[in-house]
Amino acid sequence: EETPVLARLVEDLRLLSQAEAGQLPMQREPIHVGELLADVVTSFGGQAQAAGITLHSNVLAGSDAGSSDLSPAGAATDISITGDYGRLEQVLSNLTANALRHTPAGGAVMLTAAPHPETVQITVTDTGEGIQAEDLPFVFDRFWRSDRARTHGPGEGSGLGLAIARELVQAHGGQITV
């Protein structure tokens, strides 16, 4: 039972080391952000439904984040970027999995994309319990977990996911914040 867990840990450490060394292979291509968000929503749709959580995505139309025109992901207002689809999907999947893990039944998780001058802002928000203010500076550190008293159990990560997400976003020339 532990073999897959250890294999995943080794793969995560390998990926993180490659990313930190700037040696992570990237397959850059044009990406429709709405499609990326919709794919992540589809991947986690069953898990969200089973947990009683609403999961959806929106692409914010307009030329700035101040626009209030929301349309379904993949609509004509979709935003395009250049990046490694698989790596960006991994980032959003990690953030979505964390959001679902910490959102109670009846809650919601939303993936949103908004155009900004020369960039795109993608957010993952949830109605979960949140993160303590004193913990915010550490969430992207290796092996960091918000509940240090919690033992490693099913469905809990190794504490590498957000560190990997940060490295993948930075490899795309972006930044990740909480």
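The values are calculated or read from the model by the stated rules, or taken from the named source; none is laboratory data. Predicted, not measured: the structure shown is a model, and the values here were computed from it. Here the Cβ is made from the backbone with ideal geometry for all residues, glycine too, and neighbour counts use every protein chain on show. Surface accessibility is based on the protein's heavy atoms, side chains included, excluding ligands, DNA and RNA. Shrake-Rupley method; radii C 1.70, N 1.55, O 1.52, S 1.80 Å.
Structure notes:
For every residue, the table says whether it meets (1) open to solvent by 50 Å² or more (accessible area, probe 1.4 Å); (2) at pLDDT 95 or above.
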| site | (1), (2) |
| --- | --- |
| Ala51 | no, yes |
| Thr54 | yes, yes |
| Asp64 | yes, no |
| Gly83 | no, no |
| Asn98 | no, no |
| Gly107 | no, yes |
| Thr112 | no, yes |
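- Number of residues in the stretch 15-29 that are in contact with a Lys or Arg (Cβ under 9 Å, 6 or more places away or on another chain) and assigned to a loop (DSSP other than H, G, I, E, B) equals 3.
- Single unsatisfied condition, Ser146 versus (1) open to solvent by less than 60 Å² (accessible area, probe 1.4 Å); (2) part of a loop (DSSP other than H, G, I, E, B); (3) at pLDDT 85 or above: (3)
- Considering residues of the stretch 114-139 that are touching an Asp or Glu at 6+ places or on another chain (Cβ under 9 Å) and either over 28 Å from Ile81 (Cβ atoms) or open to solvent by less than 80 Å² (accessible area, probe 1.4 Å) (or both) only, the residue modelled with the lowest pLDDT: His116
- Scan of the stretch 30-49 for residues that are open to solvent by less than 70 Å² (accessible area, probe 1.4 Å), in contact (Cβ under 8 Å) with a residue 12 or more places away in the chain and not in a strand (DSSP E or B), ordered by number: Val33, Gly34, Leu36, Leu37, Ala38, Asp39, Val40, Val41, Phe44, Ala48
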